[in-house]
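Here is the structure we will look at.
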Amino acid sequence: MRKEREEEIVKAFFEKDVQERVLHELFSPKKRDQALNRLCHQYRRMLKGKYMIEVAPPNSDPEAIYRLLKAEGAEKAVYSLSYNEKNDGKEMPLLEAIEQAVGFGMPSIIFLHSRGVGLFRS
């Protein structure tokens, strides 16, 4: 987890009324899963919708998702918040982040660049 990066993400992409709570939970090892759980069920209320790119079903082809997100301006390296420990709180190549998210069964939020996020719901 990169605390500075996550703080930057929360301040840029989360609604103001939830930012303090989300930061508190993300930075607490005992409560991080609460913030991620909230993102599973309340992402539309928590995230600023104007920045989201929702990958609609069927969303099981990592290469197709990769092409879609690259067309939206995704950078090569992205930051991910996810229940999947392999990519939670990590910066990684876009395709790798997508491959980790596809089929996991829980949402992953991939921060594509400074202008937007990709929300993958499997």
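The values are calculated or read from the model by the stated rules, or taken from the named source; none is laboratory data. Please read these numbers as outputs of a predicted model, since none were measured by experiment. With ideal geometry, Cβ positions are generated from the backbone for all residues, glycine too; neighbour counts draw on all protein chains shown.
Structure above, values below:
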{"read-out": "Qualifying residue in segment 12-26 (condition: within 17 Å of N87 (Cβ to Cβ) and of a type outside the set (A, V, I, L, M))", "value": "no"}
{"read-out": "Where L47 falls short, out of the listed (1) buried (at least 18 other Cβ atoms within 10 Å of the Cβ); (2) modelled with pLDDT under 85; (3) under 13 Å from the mean Cα position of the chain (by Cα)", "value": "(2)"}
{"read-out": "Filter result (of a type in the set (S, T, N, Q) and either closer than 14 Å to V18 by Cβ or within 13 Å of the chain's Cα centre (by Cα) (or both)) within segment 50-84", "value": "S80, S82, N84"}
{"read-out": "Near pairs, Cβ below 8 angstrom, 6+ apart or cross-chain, from segment 96-113 (β-branched (V, I, T) and crowded, with 17+ Cβ neighbours inside 10 Å) to any residue that is modelled with pLDDT of 85 or more and part of a strand (DSSP E or B)", "value": "I109/L47; I109/S80; I109/L81; I109/S82; I110/V78; I110/Y79; I110/S80"}
{"read-out": "Scan of segment 50-62 for residues that are out of contact with any Ser or Thr (no Cβ under 8 Å at 6 or more places or on another chain) and surrounded by 11 or more Cβ atoms within 10 Å (Cβ to Cβ), ordered by number", "value": "Y51, M52, I53, E54, V55, D61, P62"}
